[in-house]
Structure formats: C-alpha cells, structure tokens
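The values are calculated or read from the model by the stated rules, or taken from the named source; none is laboratory data. As the structure is a computational prediction, the values presented were derived from the model and not from experiment. Cβ: placed from backbone, ideal geometry, glycine included. Neighbour counts: every protein chain shown.
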Amino acid sequence: MKRVKKTKAEKLSLVDHSKIYYKPFRKNFYIEVKEITRMTPEEVSAHRKELELKIHGKDVPKPIKTWHQTGLTTKIMDTIRKLNFEKPMSIQAQALPVIMSGRDCIGIAKTGSGKTLAFVLPMLRHIKDQPPVEAGDGPVGMIIAPTRELVQQIHSDIRKFTKPLGLRCVPVYGGSGVAQQISELKRGTEIVVCTPGRMIDILCTSGGKITNLRRVTYLVMDEADRMFDMGFEPQITRIVQNIRPDRQTVLFSATFPRQVEILARKVLNKPVEIQVGGRSVVNKDITQLAEIRPENERIFRLLELLGEWYDKGKILVFVQSQDKCDMLYKEMMNVYRYPCLSLHGAKDQTDRESTISDFKNNVCNLLVATSIAARGLDVKDLELVVNYDVPNHYEDYVHRVGRTGRAGKKGCAITFISEDDARYAPDLVKALELSEQVVPDDLKALADGFMAKVNQGLEQAHGTGYGGSGFKFNEEEDEKRMAAKKAQAKEYGFEEDKSDSEDEDMAALAVASVPPPAQLLSAGGVRAAAADGMARAQALAAARNLQHNLLKLQADALPEHYEAELEINDFPQNARWKVTHKETLGPISEWTGAAITTRGQYFGQGRVPGPGERKLYLFIEGPNELSVKRAKAELKCFLEEITSKGFSVPGGAQTGRYSVV
C-alpha cells in the first residue's frame, strides 16, 4: 500500500472546540466621547465622504477625528506622539472604533494607508486586559502575513509600542534560525507575527509542546489576497480551525478578490466592511504612466529615467522572473556602472534582510526585484517604481505601484508594455481609469485590439493569479510525456504496465547503465544494440533485485543512521559560544530530531592541529538524511546571523570574513 505524505496543513490536527472550556474574555473597550456622540447622521455621512469611506454592516460606530477619542492608554498615546502621527488616517479613523468595540472587521484600503496601526492599537488594548502570559502559554494576539518581509515589517512596527507596555512580540518565519524562535515561544509571548507554513511546522514539532493556540483571542490576517495568490488557503484554514470560535477576527487587504470574500464569510462573524476609496484601486497620490516599449528598447528608457530620477530618491524596478532580476542587476552594475541591489525568492533570508536594510538606509538607492517586494516593503523616499515587465495580474499591479506614494506623499510609477504583452493591457487600462489617470491612446488601442480577439475566440483572457495549485501538464503535454516515457522504457526492454514512479526509476537506471549512442554505434551499430537489448534488460533487472535484497538485509540488520560535520573553529568567539550553548542546540535538536555534539578543540590563528587533533566542529547525527540536513542548515543560518550582527555593531572589530560551507 502506497504511503501518502501529509501536507503541512494536514499535519496540524483538527480541534473539537465543544469539548474544551475556554475562559470568557472582554472584547468591547470603546467608549464614545461626547463630541462624537453629538454628531448627527448627516455630519457622520459628510465626514465619511470626506475620508472616502464606504461602510457595510449594522450599527457601525461613528468615525473618530483625533487619537484621544480612541480611549487608548497613556503609554500608547505617548508613543503615538513620539512617532509624530498627527491624526488618524482614513482607515484608522473608522477601523479603530469598530475593532475597539469588539466587532469583526474587514478593512480594504490602498497600500501605505496605515492599515497596520489600525489593527495593532486595538490588539494592544485587548491583550493588556487579559491575565499575564506565562511560560508554556501560547500567544493572545496572532497576525498571519504572506511573506517574510511583511512579517518583519509588522514586527518592526509593533515593537515601537510593545516595549513601553512590557509586552513581547515574536516573529515566526522560514529562512531564519528556528532555535531563537522556539526558545522565545517557549518562554511565552503575547503576540506572534507569522507566515502560515513556519507556524504550522512549529505547532506540529515535539507534539505541540513548543507553543499552542489555546489562548489566541485576537486574530489578524494581513494581505489576505496575497496569501491566496501564494496558495496558503489550506494552511490558513487549518490554523483558524485550531483557534477558539469566539475569537475576534480582523482581515485586512489592499485588494478584495472573490476568494478572499469566501474566506471572510467562513472565518468572520457578522463583520463590518470598511472600504477606503475603491476595492482594488491605486492610491491617487501616485502618478501612473504607461509606455509601449518593445523589450530591446527598455534598457535605454530605464537609463533615461535613472538619469532623471536617481538624485531625487530611491528607485524600485520590478521584473517578472528571478533570472531576469539577476541579469538586469549584473547589467546595471557591470555595464552601466550604477550601484544596485537585487531581491528575489531564491536568495537566502540573510541576503534578503541585508538587501532591504541597505535599500532603506540609503546604502544604495536602486533596487531590482521580483514581485516578492510588492508587499511589506515600506521605504521612505521611494520616489519612482518602474514595472520593467508588466505585472501578470491586476492585483499585483496595485501592490507593486503602491510601494511609492505612501503615508500621504506623492509618487510616480511607470510601466513598460509591448504588443507581446497585449493580454495584460486591459488590466493596465482598468487601473489607470479607476484611479482617474490619463490612458494613452496607444495603450487603449492595444487593450481594445486584444479584447476584440477574445470576443472572436482567437485569444483567451488571462486569469486573476489567485487560487492556483501549482504547475500541471495539460492533456496534450501529459500524453506526450507519458508516450516518451513508454518509448524509453520499451527501448530498454522494460514492461509497460509499471507505475509512473517505477518507469522513471527503471528508465533512469537504464540510462545510467547503457553506453552513450556514439559508443553503441562504434561497438557494432544500431542493429547490434537492438539485438542486445533483451540481455541488457535481464541483466539490469537481476542487478536491481540483488541491490534491493542487499539494501533490505542492511536495513533490517542496522537502524538508519546519517551524520555530518560543521567546522566552527574560525568563527568569532561570540558565535562559537552561542552556537555550542544548550539554549541553541536544544531547540534545533528538538525541531529536527538530530543529535548535535561539540567535538575537537579551538585552535587560535596560526596554530595548526597536530596528529590526531581536530579543529573545533559540531558533529550532527540523525535517523534520516532530512533531519541531519535540516539541523546543519539551521546551524549555518544561526552562525551567519550572529556573525553579521557582530559586524553591524558600530566600531566593532572586523578580523576577517567568515562563511559557512
């Protein structure tokens, strides 16, 4: 019987909430001040119109005008003053009284409109009303976001408020050292900001002893549309199912496609829907331009734009693929001598973090990126966004362009499109029209021409980019693939009624064992090779059976065991000490199932180990290859983090370059 591998979502068991007693908690903290109570329905309507608010829901609280009208604590108000937030922005003015009243809420607002503060401030008040979190308790507030960059951005914003309040916030995301995340979660934390995949991994590790969701009473899903775009729906649904049903749930996004609406109905209880401007509309503070540019003209137009904009502030250039990102980055650096940074999903987490940090801190003002930077990247003085490749769906365009013109500032976005990209022209026209921008005649003609072909059945309109489930062969491609596999199997004398995986194994074994065509020909030609096929097939089958039997005997006699080594001798003292400490090794062992021991001895610079001596290293052993690989990867990541932090200290001594192989 074939063993079915569980997905991440399936690993997290379902919870029967009817069998669990949950302590009651308070949701409603909002007391309407007199000046808001005195507002007539006409005045409320006029104020909402001024703020460009559209409201759906029963008995919706009136929007506020000043921070003092929220009823937030003195410490929070002091932090707001220090950050120079003069008055609530549109989404905050309406969302704060709604969420502080304990209502579930859907917030749809343009990028850079202050959504984060709208759900963070009520969450802090909500948490402070509950009993303190102790070691072993799970979080009270949970924020789920689609990307590591967005998790880091939210965590950074929350920390400004949690420190004065004495609260803890832990970011949980992949690509960074899991040891620190596990130890912080074990100590207890009030708030977790996480990506769905890593959160499920941690909830399933050690039988759920690291943390749990039993105390979560305030749940936020930020950029929910992007989570669907990235295929996170099963993970989100399973996480939400593990949280008590009477929680308060808040969902925020800049766009609101149908899939998000379905999720909202599933997980929210009679929500108030707050919409600022259009449902999926680009901020009107951004000047949007579209230019018909063939591929070969784009680089020269980009250079013209850099000549005009480079000294004004930061510039972000979006491309469609990782290869294109690397290629354009090298071209800008090596050919045109522009200092440049690049960002895409194939880079490791340390590189991604340092790239964003350099871009934010004016180390370099030009960034080439894929759509990974379209959300969660909040950079001051980002003056220009260039879509070097046109986005492949409307929502992606809204978010890319929304990196500029944030927090009330002006911005500019320029999109290149060619006749080969005609299928995306209608989306571009829609975006320009909805945000009341000028639509160029040539772009309108391109969009109209494509839609005419769609109506005639000559072209097919592209999808939304949501609800994908990964690459699949279409029927024709699948038939060709299967026919090629069968032909290959037949050529080497194998039976045709094997399963797909057996076919692949046999074909691979045959290819590995048979001489290349040139050798076959020189050994007597194609006819001789064909005549020899049956004998080869029989020999291969016999060898395969023998190998299988030997492996089975070995597996029965000896338990599976894998090991690896990681030398740490040449790392800074701080990194060596921390990576060998039980607080680091314990969580990594628990997470991966591998045992880690410190071996060898430290040899200072210039000292050479004698016979039988070894430099300081970590010995990793585990029951399977995956556990050992995972442990080694986590240890590498931890060493790199500690080393880079040591170098970022002002005036810190830099004694050399450290790298993990």
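Taking the criterion of being within 17 Å of Arg198 (Cβ to Cβ) and basic (Lys, Arg), the residues of the range 223-265 that qualify are Arg226, Arg238. With respect to Arg258, determine if the residue is in contact with a Ser or Thr (Cβ under 7 Å, 6 or more places away or on another chain) and not polar (S, T, N, Q). Considered against the rule, which asks whether it is in contact with a Ser or Thr (Cβ under 7 Å, 6 or more places away or on another chain) and not polar (S, T, N, Q), Arg258 comes out as no. When we screen His56, His47 for residues that are without any contact (Cβ under 8 Å) to a residue 60 or more places away in the chain, outside the structural domain of Lys163 (by TED's automatic domain parsing) and of a type outside the set (D, E, K, R), the only hit is His47.
Answer yes or no: is there a residue in the range 615-631 that is among the hydrophobic types (A, V, I, L, M, F, W, C), at pLDDT below 85 and under 20 Å from Ile182 (Cβ atoms). Scanning the range 615-631, I find at least one residue that is among the hydrophobic types (A, V, I, L, M, F, W, C), at pLDDT below 85 and under 20 Å from Ile182 (Cβ atoms), so the answer is yes. For the range 322-342, the condition holds for no residue, the condition being that it is in a strand (DSSP E or B), touching a Lys or Arg at 6+ places or on another chain (Cβ under 7 Å) and assigned by TED's automatic domain parsing to the domain that holds Glu383. Take Val386 and tell me if it is part of a strand (DSSP E or B) and β-branched (Val, Ile, Thr). Yes. With the structure loaded, tell me whether Ala9 is of a type in the set (A, V, I, L, M), at pLDDT 90 or above, assigned to a helix (DSSP H, G or I) and surrounded by 11 or more Cβ atoms within 10 Å (Cβ to Cβ) or whether it fails that test. So Ala9 does not fit the description; no. Can you name the number of the only condition in (1) under 25 Å from Gly114 (Cα atoms); (2) in a helix (DSSP H, G or I); (3) of a type in the set (D, E, K, R); (4) out of contact with any strand residue (DSSP E or B) (no Cβ under 9 Å at 6 or more places or on another chain) that Arg352 fails? Just one mismatch for Arg352, condition (4).
Go through the residues of the range 263-275 one by one and say whether even a single one is more than 21 Å from the chain's Cα centre (by Cα), free of Cβ contacts under 8 Å to residues at least 24 places away in the same chain and surrounded by fewer than 16 Cβ atoms within 10 Å (Cβ to Cβ). Checked the range 263-275: at least one residue is more than 21 Å from the chain's Cα centre (by Cα), free of Cβ contacts under 8 Å to residues at least 24 places away in the same chain and surrounded by fewer than 16 Cβ atoms within 10 Å (Cβ to Cβ).
Cβ-Cβ distances below 7 Å connect the following pairs, each with a first residue in the range 1-27 that is of a type in the set (D, E, K, R), a second residue that is in a loop (DSSP other than H, G, I, E, B) and at pLDDT 85 or above, and a separation of six or more residues or different chains: Arg26/Asp129; Lys27/Gly102. Evaluating Asp326 against the criteria (1) in contact (Cβ under 8 Å) with a residue 12 or more places away in the chain; (2) crowded, with 18+ Cβ neighbours inside 10 Å; (3) of a type outside the set (S, T, N, Q) leaves one unmet condition, (2). Counting the residues of the range 224-236 that are modelled with pLDDT of 75 or more and either assigned by TED's automatic domain parsing to the domain that holds Asp396 or out of contact with any Asp or Glu (no Cβ under 9 Å at 6 or more places or on another chain) (or both) gives 5. Take the conditions touching a helix residue (DSSP H, G or I) at 6+ places or on another chain (Cβ under 8 Å) and at pLDDT 90 or above and apply them to Val281. Does it pass? The answer is no for Val281. Output yes when any residue across the range 203-217 is of a type outside the set (Gly, Ala, Ser), in a helix (DSSP H, G or I) and touching a Leu at 6+ places or on another chain (Cβ under 7 Å), and no when none is. The answer is yes, given that some residue of the range 203-217 is of a type outside the set (Gly, Ala, Ser), in a helix (DSSP H, G or I) and touching a Leu at 6+ places or on another chain (Cβ under 7 Å).
Given the condition part of a helix (DSSP H, G or I), surrounded by fewer than 18 Cβ atoms within 10 Å (Cβ to Cβ) and small (Gly, Ala, Ser), answer yes or no: does some residue in the range 166-175 qualify? Scanning the range 166-175 turns up no residue that is part of a helix (DSSP H, G or I), surrounded by fewer than 18 Cβ atoms within 10 Å (Cβ to Cβ) and small (Gly, Ala, Ser).
The set of residues from the range 224-249 being among the charged types (D, E, K, R) and within 23 Å of Arg125 (Cβ to Cβ) comprises Arg244, Asp246, Arg247. Taking each residue of the range 432-460 that is closer than 23 Å to Thr255 by Cβ and looking for partners that are surrounded by 11 or more Cβ atoms within 10 Å (Cβ to Cβ) and among the acidic types (Asp, Glu) with beta-carbon atoms closer than 9 Å, six or more apart or interchain, yields Val439/Glu433; Leu443/Glu291; Ala447/Asp427; Phe450/Glu459; Met451/Glu459. Could you tell me which residue of the range 143-165 is modelled with the lowest pLDDT, considering only residues that are out of contact with any strand residue (DSSP E or B) (no Cβ under 7 Å at 6 or more places or on another chain) and assigned to a loop (DSSP other than H, G, I, E, B)? Of everything passing the filter in the range 143-165, Thr147 is modelled with the lowest pLDDT. In the range 381-440, the qualifying residues are those that are polar (S, T, N, Q) and over 23 Å from the mean Cα position of the chain (by Cα), and the one that is nearest to Phe85 (Cα to Cα) is Ser435. In the range 217-248, the qualifying residues are those that are of a type in the set (Val, Ile, Thr) and over 21 Å from the mean Cα position of the chain (by Cα), and the one that is surrounded by the fewest Cβ atoms within 10 Å (Cβ to Cβ) is Ile243.
Candidates are the residues of the range 39-64 that are out of contact with any helix residue (DSSP H, G or I) (no Cβ under 7 Å at 6 or more places or on another chain) and of a type in the set (D, E, K, R); the one that is surrounded by the most Cβ atoms within 10 Å (Cβ to Cβ) is Arg48.
When Leu446 is tested against (1) at pLDDT 90 or above; (2) not assigned by TED's automatic domain parsing to the domain that holds Val398, only condition (2) is not met. Of all residues assigned to the range 125-144, at least one qualifies as being under 27 Å from Val44 (Cα atoms) and over 21 Å from the mean Cα position of the chain (by Cα).
The residues of the range 128-165 that are surrounded by fewer than 21 Cβ atoms within 10 Å (Cβ to Cβ) and β-branched (Val, Ile, Thr), listed by number, are Val133, Thr162.
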